[in-house]
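Report on the following structure.
FYI, it's all coordinate maths here, none of it is from the lab. Fair warning: this is a prediction, and the values are worked out from it, not measured in the lab. We place every Cβ from the backbone using ideal geometry, glycine too, and count neighbours over all the protein chains shown.
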Amino acid sequence: MKAMKAAAAFVVAALAALAAEPAQASAFQTHTYQADLPLRLVERPLVVGKGVLQLSAGFDWKQSSSYFTGDDDEPWNFGAKEGEDWRSYSNGATWSYRQFHLDVDWGFTKNSQLFLRIPFVWAHVGNENGADLTAWGLGDVRLGVRQQIARRIDPEGKANASLAAGLELKTPTGNESPGSYLSSPGNLTYVPIGTGTYNLTLDVLARQQAGPIAIQGRAGFVARFSSVVQYLVEDQENQFNMRVDPGDGIEFDIGVIGQLGPYVALSLDFQNEYRLPTRQGSTAKHIDPCHGCAEIEGSSGFWSDLRGGVSVSPSNRLQIDGFVAYTLAGKNSTFYWPLEDISPSRGVTAGGDVAFRF
């Protein structure tokens with residue numbers, strides 16, 4: 001009994017002491033070790049800053065009824081028109097690709113940032129021949145680090161600049177198998193939502209402010225270390241996989257940000273990738289393990305997107321982004337649609353995300 005009374009007295013005393021203490025800072029309040037983040041987007045650096053944890057959730061949706069062919073010898077193929085290529089195959093296909101993603105960005109030193117993106121994909125393919133395929137699942141997860149190389153802060157906030165480099169790894173966590181190939185490639189039973197490849201991207205980013213305007217650019221190299229299973233062939237119980245080795249990519253983007261007052265900014269970006277030649281072959285050990293797959297003639301070339309966006313930052317802790325993008329040009333070697341990372345389709349993509357910084 002004495003022990004119980006002593007314990008009760010201790011609890012009461014502890015509660016009284018807590019009540020007398022001043023209120024402590026919550027996770028939503030600014031911490032003294034956090035880097036200062038300008039409110040206007042044109043002034044911000046390319047890393048989130050030390051001590052900042054940014055959580056964001058987003059959604060984008062691409063709708064397409066056309067893809068790019070590889071028949072043209074030009075590096076850019078602007079000739080495809082909505083629906084025209086589908087009619088040539090008499091299948092009237094449509095492609096709908098929705099992606100939900102969760103992002104985590106953490107500034108763990110003054111100039112270094114870790115990031116992680118976890119996507120969830122809902123994809124649908126349909127055509128006039130009766131195909132009606134839907135898939136849902138985890139997409140290809142991306143993670144990496146970004147290092148700020150240089151940062152110039154203008155005391156008047158009119159000529160801030162930032163230079164950074166990044167390293168990103170894309171992991172093949174999405175299902176890359178489209179199903180079974182029994183008599184023709186039309187007998188697919190599943191929409192692939194991953195490419196089956198490990199990609200490593202090294203890039204350099206720069207942003208230069210000039211008053212209410214900022215020019216930004218990016219250049220990068222994408223190395224693809226493995227290959228994607230395209231289909232499974234069944235021939236009297238002898239199965240073998242066909243493999244596509246997508247070429248490495250050279251990426252370069254250029255864009256402009258315009259600040260409309262302290263809270264709203266508009267952006268326009270011209271995004272490009274030059275794809276090196278693609279190879280294809282078999283993964284069967286008794287045929288060719290695809291260590292030396294044959295190069296597809298004329299498979300190298302560009303694809304280009306034009307992307308417009310709007311960002312609203314009512315505070316330096318909350319940011320809401322929206323965008324619309326259209327694929328202007330592309331160069332595909334064969335009919336690998338709808339594997340967007342290998343053969344981008346021609347269409348409109350729209351989406352946005354909400355980010356909160358702790």
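Database remark: amide H of residue 248 closer than 5 angstrom to the amide H of 224, 276 (H placed geometrically; neighbours at sequence offset of 5 or more, or on other chains; Pro and chain starts carry no H). Residues 118, 342, ranked from the fewest to the most other C-beta atoms within 10 Å, line up as 118, 342.
Taking amide H atoms as placed 1.01 Å from N in the peptide plane, the amide H of residue 198 lies under 5 Å from those of 225, 226, each 5 or more residues away in sequence or on another chain. Within segment 110-124, which residues have the backbone N less than 12 Å from the label spot 7 Å out from residue 104 along Cα→beta-carbon, could you tell me? 114-118, by backbone N distance to the label point. Placing a label point 7 Å from the Cα of residue 136 along the Cα-to-Cβ line, the residues of segment 105-124 whose backbone N sits under 15 Å from it are 120-124.
With K and R counted +1 and D and E -1, the other residues having a Cβ less than 15 Å from that of residue 48 yield a net charge of +3. Listed values for segment 341-352 are Karplus-derived 3J(HN,Hα) couplings in whole Hz (6.51 cos²θ - 1.76 cosθ + 1.60, θ = phi - 60°), namely 6, 9, 9, x, 7, 9, x, 9, 10, 9, x, x, and x replaces Gly and Pro.
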